[in-house]
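Comments concern the structure below.
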Amino acid sequence: MVKTVLVTGGAGFIGSHTCVELLESNISVICVDDLSNSKQSVVDRIKSITGKELSFHKLNVCDETQLDRIFEMYDIDAVIHFAGYKAVGQSVEKPLMYYQNNLNSTITLLKCMAKHNVNRIVFSSSATVYGVPKVVPMNETADTWCTNPYGWTKYMSEQIIKDWCVATPNASAILLRYFNPIGAHFSGLIGEDPNGIPNNLLPYICQVAAGKLEYLRVFGDDYDTADGTGVRDYIHVVDLAKGHLKALEYIDANKGCQCVNLGTGKGYSVLDVVKAYQTACGIDIPYRIYPRRSGDIATSYADPKKAYELLGWKAERDLNDMCASAYNWQKMNPNGYGD
Ligand code: WQD
C-alpha cells in the first residue's frame, strides 16, 4: 500500500495538479522542487485546494546530499519524477544543460531510491519520444526517434529506468508518455504559468484572450491535415494527474517496467482549438497565419487503449472543459503566480 509519495518537480504545472489528486486520495506528499520554473506559492495553493498539509523542500534533484537527506527524513513508498527542464527550443540552444540536468536528476534519484530500498517509480515522459510518427494514432510500440535534445533526455531517462528495473529485484516503474497537457484545476488556483512569452499554444491563446498579446500566430496552414494546421492530442491536466494515481496503484501491485501513453485519442487542429476556446469563453481570438515552426510535426495523437486496459484509466474531460478551465485560471491570475 502506497502511503507516502515523493513528488519531484511537484510545484510545476503537472506536478502541482498531481499533488492535489494524491492529497485528495489521502496519500502523504513530500514535494521537492528547485523552483527554477515554478513558485513556492504553488505549495500554499495546493494546501488551500485540498485543506491538507504537504511537506515541501526546495532542492535540485541532482544534489545527491540534499536528496539523500529527504529519503532519510521520510518513509517513502514510491516516487513520481517530474523534475526536469522541458522547453524544446531551449534544449536545442543548450543541449548540455538539458542532458546534464535531466539525466543526472534521474540517475541521482534512482541511486537514492536504491540506497533506501524504494523500488517504485512513475516517470514523467513525453510523446515527444515518438518524433515524427510513421503511423497515427501512436501506440506504445511505435518507433521512437527524437527530434530535439529535450525529447532525447526523456527517451534516455526511460532507458535508464528500464535498465534499473532489470537490475533491481521487486522494482516497478511506469513511464507515462504525455501528449499535450492543457487546462487547469477548476478552482483556478493552480495552472500553467510559463516564463515570458508562451511557446505552447494554449497559454499563448490565454494571453491573447487577456489582451496581453495582440493575436495568435498560427504556425503553418499547409500541413497535410483537414484545415492545414497542426493536429495534437490535447489532454486536460486534471485527467493527466488522475492517470498518475492509477499508475501508482498499478506499480503497487505489479513488478517490471511499462510505457503508457496518456492522451485522449482525439486530434484537434490549431483552428479547432481556437474555435473551441472562442465558444467556451465567449472571446474572439484574432490570429494570423505564419510560416511553419521548425521542428513541428503535422499530426500527433494517442492510441489510449493500453492506459485503459492496464491502468483502468481514460481521459474524461473534453476540449471545452480544457479551454474554459484555462481561461478561468488566466482570468483569476493575470500574471500567473507572479501576483
Ligand atoms: C501545438 C500546436 C504548433 C504555439 C509541446 C512540447 C512537447 C510536449 C507538449 C512536454 C502545434 C501550434 C503553437 C503558437 C501555434 N511538452 N502553435 N502557435 O509543440 O505539440 O508540444 O508540448 O512534453 O514536448 O514540444 O505543443 O502547444 O507548442 O504546439 O500555431 O503560438 O500549436 O505549431 O501545431 P507541441 P505546442
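The values are calculated or read from the model by the stated rules, or taken from the named source; none is laboratory data. Note that the coordinates shown come from a computational prediction; the quantities given were computed from them, not determined experimentally. So basically every Cβ, Gly included, is an ideal-geometry build from the backbone, and we count neighbours across all protein chains shown. Surface accessibility is based on the protein's heavy atoms, side chains included, excluding ligands, DNA and RNA. Shrake-Rupley method; radii C 1.70, N 1.55, O 1.52, S 1.80 Å.
What the table shows:
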item: The chain: most fluctuating residue of 181, 291, 137 per GNM, C-alpha cutoff 10 Å; result: 291
item: GNM flexibility winner over the chain from 285, 182, 121 (Cα, springs under 10 Å); result: 285
item: Degrees between helix 237-253 axis and first principal axis of the chain (Cα, 0 to 90, nearest 10); result: 30 degrees
item: Accessible surface of the chain [probe 1.4 Å, protein heavy atoms]: carbon and sulfur percent; result: 49 percent
item: Alpha carbon convex hull of segment 44-115, volume per residue in cubic angstrom; result: 115 Å³
item: Net charge contributed by nearby residues that have their C-beta within less than 11 Å of residue 209 (K/R +1, D/E -1); result: +1
item: Angle between the chain longest axis and helix 149-167 axis [Cα atoms, degrees, rounded to 10]; result: 30 degrees
item: Furthest towards positive pole of dipole, 178, 65, 89, structure part the chain, Cβ charges; result: 65
item: Neighbour count of at most 13 Cβ within 10 Å plus DSSP loop: longest GluC sites (Glu not before Pro)-free window in the chain; result: 54-213
item: Those Cys residues of the chain for which no other cysteine Cβ falls under 4.7 Å; result: 19, 31, 62, 112, 146, 206, 259, 281, 323
item: Listed residue pairs exceeding 25 Å between alpha carbons, taken from 58/246; 3/111; 266/306; 39/115; result: 58/246; 39/115
item: Tilt relative to the chain, helix 41-50 - C-alpha long axis, 0 to 90 degrees, to 10; result: 80 degrees
item: Size of charge dipole - segment 101-222 - debye, nearest 20, with Cβ of Lys, Arg +1 and Asp, Glu -1, no other charges; result: 480 debye
item: Solvent-accessible heavy-atom area per residue, rounded to whole Å², over segment 218-266 at 1.4 Å; result: 34 Å²
item: Evaluated at q = 0.12 Å⁻¹: base-10 log I(q)/I(0), Debye formula over Cα of the chain; result: -0.82
item: Hydrodynamic radius by Kirkwood, which averages 1/r over all alpha carbon pairs of segment 230-339, in angstrom; result: 16.1 Å
item: Gaussian network model of the chain, Cα within-10 Å springs - most flexible of 321, 34, 222; result: 222
item: Under 19 Å from residue 275, Cα to Cα: aspartates and glutamates that are on another chain or at least 8 residues apart; result: 214, 221, 222, 227, 233, 284, 318, 321
item: Under-5 Å amide H pairs with residue 259, H placed in peptide plane, nonlocal only; result: 175
